[in-house]
Every structure is written in structure tokens, then in C-alpha cells.
Amino acid sequence: MPELPEVETIKKYLERKIVKQKIQDIKIFDRKGFKGEKNKVIGTKILKIKRKGKFLIFILNNSYNLLFHLKMTGQILFFNFLRNSEINKATKVIFVLNNGYLIFNDVRRFGWVKVVAEKNLKEEIKNLGIDALNLTFDDLKEILSKTKRPIKLVLMDQRRIAGIGNIYANEALFLAKINPLKPANSLKNEEIKELLEAIKIVLKKAINYGGSSISSYVKPDKRKGKYQEKFLVYRREGEKCKNCKTVIEKIKLGGRSTFYCKNCQK
DNA sequence: AATCGTTCCTGATAGC
DNA sequence: TGCTATCAGGAACGAT
């Protein structure tokens, strides 16, 4: 699933390829995936690419933005030339640029791209919490003190902290040796500090590895990320903990699969 | 106000 | 082999 590291990887790739390029045309294959007027975008130049949490934002030169959310299976691909074989039933939108083709695919059709006037962008993402990479100790302490919900649910709550999804919540909690069920407001200062460090280490390392290619995530050139090879607990139920050899458990929490080591994460 | 359960969607997989 | 049932999951939404 595209979480912060995957969206950041896509952002970095696209910065090298499509900034300063002109959008010549937009071909829409799935109306559900394209919100707003495409005429506001055709003929504009892409000035800048930003990321907030799991959102990807193209800043255009006419005070409009393109706001993407990839949800679970969204893919953004970029090719200088378009092969017919690249168009399939998951293809939602193709942006025709002067130097190539930006393809937005999404098998499960939850993802979307929206044309937003720059002045309305804040309103669009007003519910988004602090980006996980900018989180400070004081921020995290404040957020956790306000609820007794299980810590994992709070880490994944985009209104509190933006960018962490199921993979990296599981991985960060393991690294910090904290049980995912532990009430958020019961964490001691030392644990909060460990958790903050773990979040940053896991996210930055995942970015360095180009994200995690499970499900359908790939980089815009279709190459896979490599962080899935580094997972310590995610999808490792029944396998041995890399610290202590205890068998990794899988439970459901808030309807999501949760993986942890009973021995290491008290 | 905060939190919980449901819903959207389709491909992969399990079970018979 | 081929069918059906279940599962995966981000986040908006309505209900509590």
C-alpha cells in the first residue's frame, strides 16, 4: 500500500522527470478517479511537486493544483513513450506531457486525482495531522496524551499523524519494542522517545529502499521497491522474531492485520 | 467530541 | 478443475 515512503519515492522520481513540463492533454478512462474540470489543467505547466502525508500534490502555473491519493492500489507510472500494452482495465487517467506520459492506474478504484484551486487546498486537507517526518517529541507526547486508544490505531490515524499506514505502524512499534495494543496515554516519556526515533528510522530507511513493493506498488518506472525484504514483523506471522526467535503473532486491531512479537513488545 | 462499524472495490487465495 | 467465500486495506461516512 502506498504510505509515506512510497509516495515520497514517487515524488522524488517525478521531480526529476516532469517538473517544468507542460500538460498537453488528459485522457480519462475512469470518471470516478478524476474529480474536477480537466480544462483547468490542460495547457498548464507543472511547477513543483509536494507531498503531505500520503497525498501527492502537483503545483501548476495557473494557481490550480492536482491532488492525488493512491489509497490502496494506486500506481503512478511515467514513460517517455506510450506502449499500448501499458493501457489496461486498471488505467484511470493518462496525462499527456510534452516529454512523455504520466499514467494513473488503480486496480481497486479507491484512488483519485482532483483538480483543486490553490486557495482551496488547505480546506481539502484540513483534517490532516502533522507529517510523520516532521513530528517532534512534544507533538507526539501531546497527541498520545489525549487518548487511551491502542497506540497502533493512533499512529495510523491521519488526523493525528499523517503518512503512517499499516506496514510502518507495525514495523515502528516492533523497533520501539512497544505492544500495539498498549493505550496511547500510558506510554512513558522514554517510550515516546523510542517510538519517535523508530518512526523516523523506519520511514527514512524505507524511502532509501524505494518503498515496499507488496500488493501493486511500484516506482514510476515500474521497478520494485526493496523495503519489503527488510520487514521485521509485517506479514511474518508464524515466522521467528529476528531478535528473540519467538513466533510472530497476527491479530486484528481496528479491522487491520497487526503483527508483533509477544516477547519483545510488552 | 471521540470513536466505532460499514462501505467502497477487485484480485488473490482458501476451501470444498 | 472449477466454483464460492473470504480476505486485503485507506479513509469518508453515519451512528453511537
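The values are calculated or read from the model by the stated rules, or taken from the named source; none is laboratory data. This is a predicted model, so every value here is computed, not measured. Cβ placement follows ideal geometry from the backbone for every residue including glycine, while neighbour counts extend to all protein chains displayed.
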Test of understanding: among A:Phe81, A:Phe34, which residue is within 16 Å of DNA strand B (Cβ to nearest atom) and either buried (at least 17 other Cβ atoms within 10 Å of the Cβ) or at pLDDT 95 or above (or both)?
A:Phe34
Quick count over the stretch A:255-266, residues being loosely packed, with under 13 Cβ neighbours inside 10 Å and within 16 Å of DNA strand C (Cβ to nearest atom), is 1
Could you go through the stretch A:141-149 and let me know if any residue there is over 30 Å from A:Lys205 (Cα atoms), surrounded by fewer than 16 Cβ atoms within 10 Å (Cβ to Cβ) and among the basic types (Lys, Arg).
no
Please return the ranges of helices (runs of 4 or more DSSP H) entirely within the stretch A:102-179 where 1 or more residues are in contact with a Gly (Cβ under 6 Å, 6 or more places away or on another chain) and in contact (Cβ under 8 Å) with a residue 60 or more places away in the chain.
A:151-156
(1) in contact with a Lys or Arg (Cβ under 9 Å, 6 or more places away or on another chain); (2) surrounded by 13 or more Cβ atoms within 10 Å (Cβ to Cβ): which one isn't true of A:Asn127, the others all being true?
(2)
Tell me the residue from A:Lys141, A:Lys152, A:Lys193, A:Lys126 that is more than 28 Å from A:Leu14 (Cα to Cα) and within 14 Å of DNA strand C (Cβ to nearest atom), please.
A:Lys152
Consider the stretch A:214-247. How many of its residues are hydrophobic (A, V, I, L, M, F, W, C) and touching a helix residue (DSSP H, G or I) at 6+ places or on another chain (Cβ under 9 Å)?
5
Taking the condition in a loop (DSSP other than H, G, I, E, B), away from DNA strand C (no atom under 16 Å from the Cβ) and either out of contact with any helix residue (DSSP H, G or I) (no Cβ under 7 Å at 6 or more places or on another chain) or within 15 Å of A:Lys17 (Cα to Cα) (or both), does A:Phe81 pass?
yes
Just wondering, is there one or more residues in the stretch A:1-13 that are acidic (Asp, Glu) and part of a strand (DSSP E or B)?
no
For the structure I just gave you, tell me whether A:Ala117 is surrounded by 21 or more Cβ atoms within 10 Å (Cβ to Cβ), over 19 Å from A:Gly74 (Cα atoms) and not aromatic (Phe, Trp, Tyr).
no
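Residues checked against (1) more than 15 Å from DNA strand B (Cβ to nearest atom); (2) under 20 Å from A:Pro2 (Cβ atoms); (3) in a loop (DSSP other than H, G, I, E, B):
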site	(1), (2), (3)
A:Val218	no, yes, yes
A:Lys222	yes, yes, yes
A:Arg235	no, yes, yes
A:Ser257	no, yes, no
A:Lys266	yes, no, yes
